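The values are calculated or read from the model by the stated rules, or taken from the named source; none is laboratory data. These figures come from a predicted structure and were not determined experimentally. So basically every Cβ, Gly included, is an ideal-geometry build from the backbone, and we count neighbours across all protein chains shown. Remember, those area values only see protein heavy atoms, side chains included, never the ligands or the DNA or RNA. Shrake-Rupley method; radii C 1.70, N 1.55, O 1.52, S 1.80 Å.
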Amino acid sequence: MACFTMSYAQKQFFKAEKMVETGVYYYPEAWNPEQWDRDFKKMADMGFEFTHMAEFAWAQIEPSEGVYDFKWLDKALELAAKHNLKVIMCTPSATPPVWLVRKYPEVLVEMSNGQAAQHGTREQYSWSSPKYRELTTKVVEVMAKRYGNDKRIWGWQIDNEPSHYGTLDYSPAAQASFKVWLKKKYKTIDALNKAWGTPFWSGIYTDFSQIEIPNAGRQYSGNASPTSFVDFKRFNADECADYVSLQNNTLHSIVSKSQFVTSNFMHGHTDVDPWRNKDLDFICYTMYPVAGYSDGVGEQGFRMGDPWRISYANDFFRPLNGVTGVMELQPGQVNWGSFNPQPYPGVIRAWLWNAFAGGLDFICSYRFRQPLYGGEQFHYGMVGTDGVTESIGGKQYSQFMTEIRDLRKAYTPNAQMPKEYAARKTAILYNADNVWETTQQPQTFQWNQITHVTKYYSAIKTLSAPVDIIGEDRDLSSYPVVVAPAYQMVDRALVAKWTKYVENGGNLVLSCRTGLKDRDGHFFEAQWADAIVNLIGAKIALNDMLGAKMNAKVSFNGNTYLWNNWGDMLDPMAGTDTWATYADQFYAGKASVVHRKLGKGTVTYIGTDTDDGKLEKDVLKKVYESAGIGVKELPEGVMLNWRDGFWVAINYSSVNVTVDIPQNATILFGSKELTPAGVAVWK
Ligand code: GAL
């Protein structure tokens, strides 16, 4: 992928000229072995290049402790190879067999109400359990020894969506591990008391042994130390990452270097932090755009999903190691949403092109066959309940794979990113701490950190900028624009780094809530947001928020924008320009957006958070333009990306749109008139 300037170390697993490879999940253990050959043949005939197996098969791999059965898996592998399908092999740790949980019940997650999780679901094991870690290591070792030098295996997936799906673990193992984690972090109980602010409400501890995991369900009245909750989230994410690393180390100590090791993290799930697993060859994600949770754009948007959801995942997962893929992509209607509509005709192909456009090296459909029994019966596959008829989604996958095979013929190595596109390269800074902290003390029921970050992301993408979402430790110098949305927790070193970036010519955008707290979540014992006041060239006099049905006004460039979520009222200092002002309420006339030059660069502070993001988008547009960076504003719901010499445009809106394709371009697929879910690809 010649999309961004990044580490190509992991490229060894992928052939640049293939650009993207497409595969599909298969669960041989769930189907009649006599159908396996037929099923793999069908996959290959449809155009799939790899398959994926063993993910939930611990009970079949190790039917009783220490007794392994690989005959079935060997057979499945042999048949996959017969049809030229590479295999992603999975470690089966997401689903412990019944013998394991009956013999070692201490491995189970304990929920916030004190009950242990039950057998027969998944992810119900504790990352902290020494017994589970031991048993995982054993089965992973056995599998690694068996398949680690097997040429048919392309790579490995560890576990499945490591996350606990939003359940937090209060088991004795987690309790013990949390204490060890705290001791390591704070060394002394005094340091912990200071960080957690325990003099408040007589919360003081005198020994680490007294500490329990903070449990929101047991809070009697008022909130326990917010810092204790943030620490617990940090611990939880560390514990998950450590469990994944344990498997990664086990695999890497045995398997051939030609096999990759990854895990498929759930996009948008914020109790864990995929970036903590930089030790994997790369991280990848799972993606279901249509499951009743997004209205999308326009009347049919609910059938297409949020136009920026796949792009955001691409830009969040790819920059960590320079490589990513989507390990599960929605095949059609699913079963687990609040309601499960049929995706809009053609949109599944559009999602596939969106994944391609984001520089992904592989795409895997979840799943080949629609299950006939079990917890996901209504979930579509690539073929329907008869096991042979291609589903609506299956047909779109086939079409995409045919198109990619054609596209490969037009591939040119080392295509250079067009200059005007590269000039807009933007980094968004993200730190899970800010999610955890603002969730703990949102201050308004309307605050949602991820919504705020994605609002900025969508605005930037609507201006057709390529984006990397990166951690604050990364080098910022290659990004003309860096945006840190609601970056609440900072330290002086980070602010110094931002200042330097700007002095050297960077354009930094900060939004409301930035710089309010230190890393322990304390306010600074100084003026409000003291850490950033000199950088933004303005004091933050106060902040305000309104009810969801109320609206206050901001004026910017002669336009009026409505807001009610969060507003910072700013007092600019000498040399700082006011770009937008509050137009009503008792603070009418105070600044809402300020901008200043600093060294060779600029700093913009956007103090207001709106629902529709229009103010934010228009301010960002002015930031690029003032910096001499040309942007290209897209119609609402339209995505545009460049990759490997190809431009891809997708229409996620409910109406026809015309995209701007240069006269001299060669259009490979589609046309400049895009219907809803339409795709255009040109060179
Ligand atoms: C994913 C999960 C898969 C499957 C799928 C159904 O989140 O990783 O195992 O359950 O959802 O859509």
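What the table shows:
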{"read-out": "5 angstrom amide H check on residue 543, placed H, neighbours 5+ away", "value": "569"}
{"read-out": "Sorted peptide list for 212-224, 507-519, criterion being average Cβ within 10 angstrom, highest first", "value": "507-519, 212-224"}
{"read-out": "Solvent-accessible area, 1.4 Å probe, carbon plus sulfur percent, for segment 298-388", "value": "54"}
{"read-out": "Links that overshoot a 27 Å alpha carbon limit, given the list 233/461; 75/103; 187/257; 11/419; 455/539", "value": "233/461; 75/103; 187/257"}
{"read-out": "Relative contact order of the chain, defined on C-alpha pairs under 8 angstrom at six or more residues apart (%)", "value": "11"}
{"read-out": "Heavy-atom accessible area order for 528, 682, largest first, 1.4 Å probe", "value": "528, 682"}
{"read-out": "Computed over segment 343-426, Kirkwood Rh from alpha-carbon pairs, angstrom", "value": "15.1"}
{"read-out": "Among beta bridges that DSSP assigns inside the chain, antiparallel share in %, nearest 5", "value": "50"}
{"read-out": "Per residue Cα convex hull volume in Å³ - calculated over the chain", "value": "158"}
{"read-out": "Cβ-based charge dipole, segment 61-168, positive-most Cα from 93, 117, 143", "value": "143"}
{"read-out": "Hydrodynamic radius by Kirkwood, which averages 1/r over all alpha carbon pairs of segment 13-66, in angstrom", "value": "13.1"}
{"read-out": "D (Stokes-Einstein, µm²/s), Kirkwood Cα radius, segment 199-291, 1.567 mPa s at 4 °C", "value": "80"}
{"read-out": "Percent of beta bridges antiparallel (DSSP, segment 424-626, rounded to nearest 5)", "value": "65"}
{"read-out": "Segment 554-612 pair-distance distribution - Cα-Cα, 5 Å bins, rounded %", "value": "4, 20, 29, 24, 12, 7, 2, 0"}
{"read-out": "Size-normalised alpha-carbon gyration radius of segment 123-236, reference 2.2 N^0.38 Å", "value": "1.41"}
{"read-out": "For segment 228-270, radius of gyration divided by Kirkwood radius, i.e. Rg to Rh on alpha-carbons", "value": "1.11"}
{"read-out": "Zero-based 5 Å bins, Cα pair distances in segment 257-364, whole percents", "value": "2, 13, 23, 23, 17, 12, 6, 2, 1, 0"}
{"read-out": "Lys, Arg +1 and Asp, Glu -1 on Cβ, resulting dipole of segment 285-346 about Cα centre, debye, nearest 20", "value": "120"}
{"read-out": "For segment 638-682, fraction of C-alpha pairs farther apart than 15 Å, in %", "value": "32"}
{"read-out": "Antiparallel DSSP beta bridges within segment 23-140, as percent of all bridges there, nearest 5", "value": "30"}
{"read-out": "For segment 424-626, Kirkwood radius (reciprocal of mean inverse C-alpha pair distance, Å)", "value": "16.6"}
{"read-out": "Shape call, segment 296-445: gyration tensor on alpha carbons, a/c limit 1.5", "value": "oblate"}
{"read-out": "Surface share of carbon and sulfur [accessible, 1.4 angstrom probe, percent] for segment 424-626", "value": "48"}
{"read-out": "Accessible-area order (highest first, 1.4 angstrom probe) of the listed residues 376, 299, 161", "value": "299, 376, 161"}
{"read-out": "Exposure rank, largest accessible area first [126, 458; 1.4 Å]", "value": "458, 126"}
{"read-out": "Label-reachable residues, segment 132-162, where backbone N falls under 20 Å from a point 7 Å from residue 257's Cα toward its Cβ", "value": "144-145, 147-156"}
{"read-out": "Charge-dipole axis of segment 424-626 as Lys and Arg at +1 and Asp and Glu at -1 on Cβ define it, positive-most pick from 444, 464, 432", "value": "464"}
{"read-out": "Solvent-accessible area of residue 401 with every protein chain in place, 1.4 Å probe, in Å² to the nearest 10", "value": "10"}
{"read-out": "Å² per residue, accessible surface of the chain at 1.4 Å", "value": "38"}
{"read-out": "Helical contribution to [θ] at 222 nm, DSSP H n ≥ 4, -39,500 (n - 2.57), averaged over the chain, rounded to 500", "value": "-9500 deg cm²/dmol"}
{"read-out": "Carbon and sulfur %, accessible surface of segment 638-682 computed with the full protein complex present, 1.4 Å", "value": "50"}
{"read-out": "Only Lys, Arg (+1) and Asp, Glu (-1) charged, at Cβ; the chain dipole about Cα centre in debye", "value": "1220"}
{"read-out": "Partner lysines for residue 71 [C-alpha distance under 17 Å; skip if fewer than 8 residues away on the same chain]", "value": "82, 145"}
{"read-out": "Inter-site label distance for residue 526 and residue 278 at 7 Å from Cα along Cβ, in nm", "value": "2.7"}
{"read-out": "Full-extension gain in nm, residue 83 to residue 584, via 0.36 nm per residue minus C-alpha separation", "value": "173.5 nm"}
{"read-out": "Dipole-positive endmost among 634, 24, 422 within the chain (Cβ charges, Cα centre)", "value": "422"}
